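What follows is a set of notes on a single structure, which appears directly below.
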Amino acid sequence: MIKDPDHQRLTNNERGVAILMVMGSIALLTYLLAEFTFETKLNKIKVQNSQDRVQARLNAEAGLTLAMAKLRLYQQARNTIEKQKSLKERIDPDLLQSVVTMPFIYPITLPPRSDIIQRNAVAEFEKNSLVQGKISLAISPVSNFLNPNNLRIPHTTDKNEDDGHTTTNDDLTSANSAPHEYLVEVFIQALHKRKLEKQEQSELAADYLADVDETQLVDNLKFFVNQKGRFTSPLTPESERQFQEAGIYPKHAPMSSISEMHLLPGWSDEVFDLIKGQISIHDVTIIPLNKITEKQLANIFPSITPEQSKEFFEFRDGTEEEEPHPFKSPQDFKKLVVSQLAILEEEDYNKRIKEFANAGLQLGIAGKLFKVVSRGGFKRANYTITAYINLPIKPLPPAPEKKDPKIPEMKNPSDQDSPTTTSPDGGQDGNKEPPPMELLLPRVVEINIT
């Protein structure tokens, strides 16, 4: 076979291969460079977003720290007012609470008509500030007093060393069980009233709330928060059945978050929404009279009429024609309820307030449990901290034990000229008033982050 010299020359020509390899390498490197550039920019954006998120969190934490500082000042001021009668008569605790709960926003927003002095002051403040981004702080007193944890039966099981007998619930006196039963009725009344109101407002609500049994709902709640074996009622077997069918194991301990109520059988979102604005799992103790709502007033006095409720809030909050009359003391509240509006007789009023006291609740002007919402922002990142801060009341020292009158008292000669002592509760041991209430340092009892 004769080979064509031209064909051989063409097939053996390798000119141009190098440039093809170079162009292929350039194309590959261009793709890799674009990929690396994209990844670098993406990682840079991720890092920047992470930094912005951290800065937003620091701003939110700074707002929470500011709230704790303000509440510490509030605690010291309240204790000073309680100890000095002259200050107590001049300074309204509700006004003090209003000053402390005043919202804080940074950067400071000035009204359009602000003068040059105000603008320069704000500019100087922001210049010297180390805060980067935004802070929004809101502090509000919590006046809800339907606490599921208060449905726990008090621990009264103690063994007698002589006979080994254990005190059970059957041994509880009616006086000890009264506060617990009272709170049960308060829960049932609140649920029933809100259920009727909701059914009147909507036909759809009338359908899905028709089978709601308020007594069984509260019994499920008691079964959940009480220690196992301590609480029994005719509805307890039904509660056990409902928990088993739902595959839920009862906690048999106090709730640590209000969200746990969604775990309870029968407590659907629609049912929970009926009284969610009146529930708090924290120790409220003081019911602030200048903050209570119409629903809460109805819980305190179930016999109140709509006309009396309207007159109550018109007197307290004022109208277009009349000025508001905020309460300065629980005595002002009692005077309005008993004397002016005749909601209850004085004897019935005292009995009702005593029931609240037995349940660990007392009327007051300023609260001790606060909800703090601190929002921090930086560029496009936002961070929100919602915390509940409580100022516990310092417990009073135990009252001295009563001595047996049959046993003669041995007096110390050095004590013969000493003045009459006063019992801690201001009882018959002296004529002095009870010791003033003292608030302890604020502490965070619940915190949520979003």
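The values are calculated or read from the model by the stated rules, or taken from the named source; none is laboratory data. Keep in mind that what you see is a predicted model, and the values were worked out from it rather than measured. Every residue, glycine as well, gets a Cβ built from its backbone with ideal geometry; the counts of neighbours run over all protein chains shown. With ligands, DNA and RNA removed, areas are computed over all heavy atoms of the protein, side chains included. Shrake-Rupley method; radii C 1.70, N 1.55, O 1.52, S 1.80 Å.
Numerical summary
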read-out: Conditions (1) assigned to a loop (DSSP other than H, G, I, E, B); (2) open to solvent by less than 10 Å² (accessible area, probe 1.4 Å): number failed by Ile304; value: (2)
read-out: Residues of the stretch 51-102 that turn out to be assigned to a helix (DSSP H, G or I), touching a residue at least 60 places away in the same chain (Cβ under 8 Å), open to solvent by less than 30 Å² (accessible area, probe 1.4 Å) and farther than 18 Å from Ile449 by Cβ, as a count; value: 8
read-out: Residue tally, condition among the acidic types (Asp, Glu) and open to solvent by 80 Å² or more (accessible area, probe 1.4 Å), over the stretch 332-349; value: 3
read-out: Pair list, Cβ under 7 Å, 6 or more apart: the stretch 347-365 residue over 24 Å from Asp92 (Cα atoms), other residue open to solvent by 40 Å² or more (accessible area, probe 1.4 Å) and among the aliphatic types (A, V, I, L, M); value: Asn358/Ala178
read-out: Lone unmet requirement of (1) at pLDDT below 90; (2) within 22 Å of Ile279 (Cβ to Cβ); (3) not in a helix (DSSP H, G or I); (4) not aliphatic (A, V, I, L, M) for Glu322; value: (2)
read-out: Selection status of Glu214, within 14 Å of Arg194 (Cα to Cα), open to solvent by less than 60 Å² (accessible area, probe 1.4 Å) and charged (D, E, K, R); value: yes
read-out: Test for Ser239: is it on the phi < 0 side of the Ramachandran plot and in a loop (DSSP other than H, G, I, E, B); value: no
read-out: Qualifying strands (runs of 3 or more DSSP E) (wholly inside the stretch 350-394; at least 3 residues being crowded, with 17+ Cβ neighbours inside 10 Å); value: 369-378, 381-390
read-out: Tally of residues being open to solvent by 100 Å² or more (accessible area, probe 1.4 Å), free of Cβ contacts under 8 Å to residues at least 12 places away in the same chain and either closer than 23 Å to Ala56 by Cα or part of a helix (DSSP H, G or I) (or both) across the stretch 109-138; value: 7
